[in-house]
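One structure is given here, and the rest of the page talks about it.
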Amino acid sequence: MTAPLLVFFVLAALAVIGAVSLILQKHPIHSALSLIVVMIALAGLYLLLGAEFVAAVQIIVYGGAIMVLFVFVIMLLNAGVEEHTSISKMAGAPGLLLVVALAGLVAATIVRSTDSILSTMQTGEMSSSLGVSKTLGISGMIFKDFVYPFELTSFLILIAVLGATVLAQREKH
Amino acid sequence: MNAFLTTNAELIITLVKIALLLVIVLTVNAYLTWFERKVVAHMQSRWGPHRVGPHGLLQPLADGVKFLFKEDPTPAGVDKFVYYLAPMLALALALTSIALIPFGPDPIKLFGHDIYLGIAPPDVNIGILALFAITAMGVYGVALAGWSSNSKYPLLGGLRSSAQMISYELAMTMSVVGVLLMAGSFNLKKIIEAQAHHPECGIVGWNIWPQLLGFFCFFVSAVAETNRVPFDLPEAESELVAGFHTEYASFKFAMFFIAEYTSMITVSCLCTIMFFGGWLSPFPASWTFTHYVPSAILIPFGLWVIWDGIRYETIFGRIFLPGAGTAFAGIGAVLILLPSVNLFIQGPFWLLSKILVFLFIYVWMRGTLPRFRYDQLMAFGWKLLLPLSIVNVIATSFIILAKMTWWAK
């Protein structure tokens, strides 16, 4: 077994264990910590694919900023132990169906892209036609090829920020 | 055995380097506490530690032993898992960030391997981003310690520190964008090399001149990120007892302490590398006589320690201090006699002296500045530092664009 494959299995196991523990933990803080483990394991997987920039941003944005906000809010509200209710009937049968459908979709995707996954594992890098693995490629894509969708998205985020500010200050007026 | 050594040479070298750096960093941390206490004491017209060992030099050792042997009670009602996790997280993340710092330009050739100073290979493409990623995770150590203690003062300290670190992380990340634009790379080694446009430019080529605004924003927000005075609200002892680590005792408290001092070292390394030319000498490369600066500092310093030591009050001091002085002066003399070694240590020497200056500034600030009020802290971060660093980014990009379009033709 090669070293990258070994690292992959360790990271994949961490991600799955973290995700399962996220659901099973009783306390919100423990769930949030499990989610952080998942994020970091994912960042490690990106690094394994040669997508170093995406890996760093994954940790900075998701592991750092967003999860810190989660933890901050849980601490601020001092949220207690989660109350478990009996699972509703709606969630039972259709939920099971959805799980099967999702698993099928994932399996189909994996089967269809086996070749590119194998080549990625052999070279340790994304195929060059994608060109997203390197920082330069990503910036070229964002600021040249997809500059209008990108700017539209940032405009959307700006509107969301303004909306949040207005909602937070509503009581004063 | 030999076959094992040759196939796993890289792994073994890295493990040895990790062990060495760990010992060095922890020792430096210990003596940083001595340095801080001594400097702050002299600023306040006191002597500082002077009982344990000559000039209090064994004080860090005594402190370490004390931390190890103190009773370590776990308060009732804490969330045990998180309570134990928090100090480990804080210390591990702080030490990990040191691993990414390159300490010198040239590798040592040993047994046919190029051994670079610093644990990470020098071609880490995302060096600075990886450092920011580790810093971003550093919030959890403090926040979780505050929450898991199940006590009101630590919780307040943890909340304050989360808010403070989120706020200042933005300004810190934005303020280095100017440097990254000028270097065109996230690689720490390339950032340093970009500051030596010409071998003769020396100190003039450093990023501090074009990026003065960026440096101001970076240093202030980095001090806030490390929770040091004047931004030490998470552990404000006059308001919160000891803030987030109130409920921690013994070595778990020491772990927070070591983490704080390690992040001080990391921030000093980053300031040096990004704005003050890293291992570059401040003199033009043709001034080869400046290669004797390390000797010119070490020999007089060693002689002064000898002179101070022979008159010291205790017998131990009269033996120890002249011995240490002889060692310093001896190293200085050896450097003059061995030009190749002298040439090799130039880079690490300048890097370490610049780091020492920044560590002194940290202590200096602690000795002189009062703590911010909480609303002042937030207003300073969001209303001054963040806009300033954005202005810096825009101005730098416009100048680089102008250079590319007009001057290059």
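This ranking places A:T2, B:T396 by how few other beta-carbon atoms lie within 10 Å of each, fewest first, which gives A:T2, B:T396.
Of B:E200, B:E169, B:E36, the residue with the greatest mean-square motion in the GNM of chain B, using alpha carbon springs below 10 Å, is B:E200.
Remark: mean inter-chain Cβ contacts per residue of B:127-140 equal 5, using a 10 Å Cβ-Cβ cutoff to other protein chain atoms. Checking every one of the chymotrypsin sites (Phe, Trp or Tyr not before Pro) in the range B:270-353 against DSSP loop status and a limit of 13 other Cβ atoms within 10 Å picks out B:W287.
Loop-only trypsin sites (Lys or Arg not before Pro) in the range B:1-105, please: DSSP not H, G, I, E or B, and at most 15 other Cβ atoms within 10 Å.
Passing sites in the range B:1-105 are B:R46, B:R51, B:K70.
Ordering B:F67, A:F155 from the fewest to the most neighbouring beta carbons within 10 Å gives A:F155, B:F67.
Each stretch of four or more DSSP H residues adds -39500 (n - 2.57); spread over every residue of chain B, this sum gives -21500 deg cm²/dmol at 222 nm. Alpha-carbon geometry of the range B:285-409: the Rg and the Dmax are 23.8, 72 Å, given in that order.
Computed over neighbours whose Cβ is under 14 Å from that of B:A285, the net charge equals -2, Lys and Arg +1, Asp and Glu -1.
Within the shell of other residues whose beta carbon sits under 13 angstrom from the beta carbon of B:G138, the net charge comes to -3, with Lys and Arg scored +1 and Asp and Glu -1.
The Cβ shell under 12 Å around B:T74 holds other residues with a net charge of -2, Lys and Arg each +1, Asp and Glu each -1. The mean number of Cβ atoms from other chains found within 10 Å of a Cβ in peptide B:158-171 is 2, as a whole number. Could you tell me how far the Cα centroid of the range A:20-56 sits from the Cα centroid of the range B:259-323, in Å? The range B:259-323 and the range A:20-56 have Cα centres spaced 43 Å from each other. In order along the range A:47-52, the phi-based Karplus estimate (6.51 cos²θ - 1.76 cosθ + 1.60, θ = phi - 60°) of 3J(HN,Hα) comes to 4, 5, 7, x, 9, 5 Hz; Gly and Pro are listed as x.
Ordering A:S34, A:S113, B:S148, B:S175 by the number of other Cβ atoms within 10 Å of each residue's own Cβ, fewest first, gives A:S113, A:S34, B:S148, B:S175.
Gyration tensor analysis over the Cα atoms of the range B:157-227 returns equivalent ellipsoid semi-axes of 29, 11, 9 Å (largest first, whole Å).
Of all the Cα-Cα pairs you can form in the protein assembly as shown, what percent are over 37 Å apart? Result for the distance tail: 42 percent.
Bear in mind that the values in this text are calculations on the coordinates, not laboratory data. Bear in mind that the values here come from a model prediction, so they are computed numbers and not experimental data. Here the Cβ is made from the backbone with ideal geometry for all residues, glycine too, and neighbour counts use every protein chain on show.
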